[in-house]
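Report on the structure given below.
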Amino acid sequence: MSLDQRTIVVTQISAAVACNALASLRLSITEALTLGIKPEEIKEILALAKAIQEQPISHVTHLVDQLLREPKKKPAHVHNAHCGCGNHQ
């Protein structure tokens, strides 16, 4: 997978906001302006990144744990005369 320069700079801005890395934020915004990204778009990116940053880290950790958890195997269907699946003997 190859990311274009616009995607990279948007990601850099988001990461800088998330980490409160002001020097990196300054550099990323300067690069975004050089690439022709409009100030309104940069403000939108910043607003989204700040909204995401406000989520407690415990919520993030919980979500990641949920998403990466191995799916539990459902028990095999037990066929009987009343199951209605049409596959019982």
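The values are calculated or read from the model by the stated rules, or taken from the named source; none is laboratory data. Every value quoted in this text rests on a predicted model; they were computed, and no experiment measured them. Note that we place each Cβ from the backbone using ideal geometry, even for glycine, and neighbour counts take in every protein chain shown. Protein only, heavy atoms only, side chains kept; ligands, DNA and RNA dropped before computing areas. Shrake-Rupley method; radii C 1.70, N 1.55, O 1.52, S 1.80 Å.
Brief remarks follow.
- Count - residues of the range 51-80 that are modelled with pLDDT of 85 or more and either in contact with a Gly (Cβ under 9 Å, 6 or more places away or on another chain) or charged (D, E, K, R) (or both): 2
- Among residues of the range 36-49 that are in contact (Cβ under 8 Å) with a residue 24 or more places away in the chain and open to solvent by less than 70 Å² (accessible area, probe 1.4 Å), those with a beta-carbon under 8 Å from a residue that is assigned to a helix (DSSP H, G or I) and of a type in the set (S, T, N, Q) at least six positions away or on a different chain give the pairs Ile45/Ser14; Ala49/Ser14.
- The set of residues in the range 25-35 that are open to solvent by 50 Å² or more (accessible area, probe 1.4 Å) and assigned to a helix (DSSP H, G or I) comprises Arg26, Leu27, Thr30, Glu31, Leu33, Thr34.
- Among the residues of the range 50-72, those identified as open to solvent by 100 Å² or more (accessible area, probe 1.4 Å) and farther than 12 Å from Ala18 by Cα are His59, His62, Leu67, Leu68, Arg69, Glu70, Pro71, Lys72.
- Residue match in the range 16-24 (condition: at pLDDT 95 or above, of a type outside the set (Lys, Arg) and assigned to a loop (DSSP other than H, G, I, E, B)): no
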